[in-house]
Each structure stands twice: as structure tokens, then as C-alpha cells.
Amino acid sequence: MRPTLIALLALPTLACATAEEVCTTYDGLACSEVADEVAALQQQVADLQTALEALSATCLTDADLGGYATESWVEDGFADVGTMTDHEDRIRDLEDQDLDGRISGIEGDAVRLISTDTTYACADAADVLAAMAELDGRRIAGDALVTLDLAAGNFAFSEPLSFAHPDGDRIEVVGAGTDQTFLTFTSSDGVVVQGASSLGYLGDLAIVGADQDADGLTVREGSALTVGSVDVRGFGSNCIAVESNAAMSHDEGAVIDVSGCAGGIWVTESGFADVSGASSTGNSGDGFHSTKGSVLLAADATASGNGDAGFQATMGAFLDADSSISSGNGNVDFYALYGALIMAQDTQALDATGHSGFYATTGSYIYALRASVTNATYYGFAAHYASSVYAQASDVVSAGEAYSARGNSYLYALDAVGQTTKDGAYSNDTTDFIYGL
């Protein structure tokens with residue numbers, strides 16, 4: 001049997017063999033045929049050798065791969081990973097956990113930001129409460145304003161309408177008018193701002209009670225409120241109460257009316273309220289009351305028909321009643337006691353029947369430049385018990401005693417005019433002094 005051509009190529013002496021030797025050796029094959037085929041195969045081998053040499057020149061050597069992982073390193077690195085079976089218990093634990101609930105909780109605690117001006121249209125109390133509930137979970141950007149726009153109508157609440165939002169200074173509650181939008185409360189306090197927060201604006205609405213023992217509008221606990229035009233009435237405690245380091249101011253042009261409560265506007269415990277221009281009428285107690293180190297600004301205000309004092313300051317408090325009018329009240333019109341101070345320049349105490357016009361007592365002071373009193377049953381101007389009254393250019397038309405100083409007190413009445421039914425000026429002893437009469 002003839003050998004294959006590959007076997008022929010393997011002969012080491014093939015290149016040196018003569019044609020005759022090949023023909024003799026391989027079973028009579030024609031010498032010319034063998035020579036041609038061998039030459040062709042040798043050329044192919046040479047070509048392959050050249051190609052292999054070129055390829056090896058482009059391959060990376062072991063030295064080139066020295067900084068990379070070898071197969072043994074990879075095998076060693078995954079040796080401790082284990083198989084899927086090894087991790088079945090951990091997989092089951094993850095499946096048993098309430099991941100959906102945890103994600104939902106995270107979403108619930110996330111801060112949602114109101115970044116643009118937003119208005120909630122409110123047609124009834126339920127709409128107001130829904131808007132406030134939504135705001136409870138949101139923060140309000142510094143340049144955004146949220147408005148609760150209350151339509152005309154009655155908004156009946158069974159509990160206080162309380163505001164304590166951390167961004168409350170950017171929330172406004174706006175009605176359609178004090179004679180159009182009514183917030184009614186039959187068994188609780190009315191509107192409350194508390195928790196050291198703020199309410200940017202509350203106005204153009206009425207707050208109405210049912211004579212329950214509660215306050216109509218309360219600002220407390222270091223909170224702050226700006227009011228617009230409001231009408232507060234019908235509460236068994238105070239119409240407006242500002243207390244515990246809280247502050248209330250009013251928008252320019254606001255009309256503040258309070259009536260029919262136990263007390264009109266009451267500021268206590270270092271509170272501050274600016275209700276200048278307000279009207280307090282028909283309350284069973286004081287019209288305006290500042291006490292316990294508080295400040296009440298009530299210039300250009302009116303107190304009439306109240307059961308007790310028109311304007312009263314006690315216990316180290318301050319009350320500014322410049323240019324105000326007190327008329328037809330049940331007690332002293334301008335009353336300062338227990339270390340209090342009242343500013344009452346250009347004020348009028350009209351129809352002081354049954355009581356006195358201006359009365360400072362127990363270490364208090366009243367500044368009553370150009371003030372006037374009409375029909376005072378007792379005193380027109382009185383400074384008693386280590387107190388002082390400044391009543392220059394004042395005027396008294398009919399009083400039991402026009403000017404009175406008692407108990408180491410001082411009354412300045414230069415250029416004053418007094419028409420009296422008793423003594424024009426009364427001084428109890430030499431420690432009291434009335435100047436100018």
C-alpha cells in the first residue's frame with residue numbers, strides 16, 4: 001500500500017532525494033508526479049511557518065501578563081462564595097420581610113416640598129381640614145405661598161381650627177369678607193395658632209362662637225400671627241387672646257371688631273399684640289386688657305358698652321391707647337394698676353357715669369396729655385397709692401372730683417380745665433402733689 005503524502009513530507013532526506021530514488025522507493029509512482037506534489041506541499045508548510053512566526057510576534061508573553069489575575073487566582077477568589085443551595089436560607093429570609101411596607105414607610109416620612117404658589121379652594125369645613133391635613137406632610141419653599149381660599153358661606157367646626165405648621169408664615173387663610181365667610185364653633189376654642197409656629201395671614205372672615213367657655217382667636221406658645229379684617233364674637237371667654245410670649249400684628253388697613261365675649265382683646269404672660277384701630281364693644285369684661293408684662297398697642301381704638309374697664313393694664317404691662325375713645329363702659333375708662341403703664345394722649349373718656357375717667361393706682365402711671373373726661377361719677381383724673389398721672393392741657397366736664405392725688409402720688413395738670421360737682425382738686429396730705437391747679 002502506498003504511503004500518504006503527509007508521510008512523504010516527513011522524510012528527512014526528501015529534499016535531497018533524486019527522482020529515481022523516490023520512484024524506486026514508492027511503488028512505481030511516476031517520478032514527475034511525485035516531485036511536483038512534494039514541491040507544492042513544502043511551499044504550503046513554509047507559508048504556515050511564516051504565518052505562525054508573525055502571529056507569535058503579536059501575542060503577549062507571561063511577563064506581559066504578570067499584573068493580571070491568573071486562572072488559579074480567580075478560582076481561589078470564588079472558593080468561599082458557595083453555591084445557590086448554600087444561600088437558600090438567606091433568600092427565604094429576604095422573601096419573608098415586608099419590603100413593600102418598609103418602602104411605603106420611607107415614602108411616608110419623606111419631605112414633600114411645595115415649591116410654587118399653591119391655592120386650595122375651600123367650600124366648607126371639610127375642605128379646610130383636608131387642605132390642612134395635606135399641608136401637615138409638606139414643607140413650603142421660602143419663595144412659595146400657600147393660600148386657603150375660603151368661599152362665602154358657613155364653615156362649621158366641631159373642634160378648634162389649629163395651626164402649627166413649621167412654614168406657617170407662608171400660609172394665608174383668606175375669606176370672602178367679614179360679612180360673607182363665617183367660621184363657626186359651638187363647643188370649642190375657635191382659631192388657634194400655637195407650637196411656636198406662625199400663620200402668615202388670617203383675614204376677611206368672621207369667627208363666631210355660641211357663648212361656650214372658650215376663646216375665639218388664640219395665639220400662644222411663642223407663635224405669631226398677622227391678621228387682616230376679622231370679626232370675632234360670641235365666645236364665653238375672650239374674643240382674642242394673645243399669651244405666653246406670642247405675638248399678633250395686623251395688616252395695613254385691617255378692620256378688627258370684637259364683641260359679645262366675656263373679654264374683648266386680652267394679652268397676657270409677656271404677649272404682644274398690635275390691634276391699633278380695633279373696636280371692642282358689648283363684652284361683659286374689659287374691652288382691651290394687657291397684663292403680666294405684656295404689650296398691647298391699641299391706638300385709635302374704641303371701647304364701648306363693655307361691662308368692665310374700657311382700657312386696662314395691670315401687673316407691669318404696657319398699653320398704648322393714644323387717640324382712643326372709651327364710652328359707656330361699666331368701670332374706669334383708662335385704668336392702670338399694679339405697676340402698669342398706659343399711654344393715653346389725645347384720648348376721650350365719654351360718659352363715665354358710675355365710675356372714673358383715668359385712674360392710676362398701686363405704683364402705676366398714665367400719660368394723658370390733652371385727654372378729656374365727660375360725666376365721671378368719681379374722678380376725672382386720679383393718681384393714688386404711689387402712682388402718677390400726666391394730664392397737661394386736659395379737660396374734665398363734670399366729675400365728682402376732677403383731679404385727685406392720694407397716697408404719695410403725683411398728678412401734673414398744667415393748663416388743665418376742670419368743671420366739678422365737688423372739689424376741683426383734691427390732695428389727701430402733704431405727700432401728694434397736684435401741679436398746675
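The values are calculated or read from the model by the stated rules, or taken from the named source; none is laboratory data. Bear in mind that the values here come from a model prediction, so they are computed numbers and not experimental data. FYI the Cβ positions are ideal-geometry reconstructions off the backbone, even for glycines, and counts take in every protein chain you see.
Residue check: Y359 meets all listed conditions (1) modelled with pLDDT of 95 or more; (2) surrounded by fewer than 18 Cβ atoms within 10 Å (Cβ to Cβ); (3) over 15 Å from G436 (Cβ atoms); (4) in contact with a Phe, Trp or Tyr (Cβ under 9 Å, 6 or more places away or on another chain) but one, namely (2).
Determine if region 412-432 includes at least one residue that is over 20 Å from A352 (Cα atoms), surrounded by 16 or more Cβ atoms within 10 Å (Cβ to Cβ), modelled with pLDDT under 90 and not hydrophobic (A, V, I, L, M, F, W, C).
yes
Of all residues in region 269-309, those satisfying the criterion of being in a strand (DSSP E or B) and more than 16 Å from A224 (Cβ to Cβ) are S279, S280, T281, F288, H289, S290, T302, A303, S304.
When region 278-294 is filtered for residues that are more than 19 Å from S364 (Cα to Cα) and in contact with a strand residue (DSSP E or B) (Cβ under 7 Å, 6 or more places away or on another chain), the ones remaining, listed by number, are A278, S279, S280, T281, G282, N283, G285, G287.
Hey, can you tell me all the residues within region 211-233 that are part of a loop (DSSP other than H, G, I, E, B) and either surrounded by 19 or more Cβ atoms within 10 Å (Cβ to Cβ) or polar (S, T, N, Q) (or both)?
Passing the criteria: Q212, A214, D215, G216, R220, S223, G228, S229.
Does S249 meet the test of being in contact (Cβ under 8 Å) with a residue 40 or more places away in the chain and part of a strand (DSSP E or B)? No: the conditions fail for S249. If I filter region 189-210 down to residues being in a loop (DSSP other than H, G, I, E, B) and aliphatic (A, V, I, L, M), which single residue comes out as surrounded by the fewest Cβ atoms within 10 Å (Cβ to Cβ)? The extreme case among them is A210.
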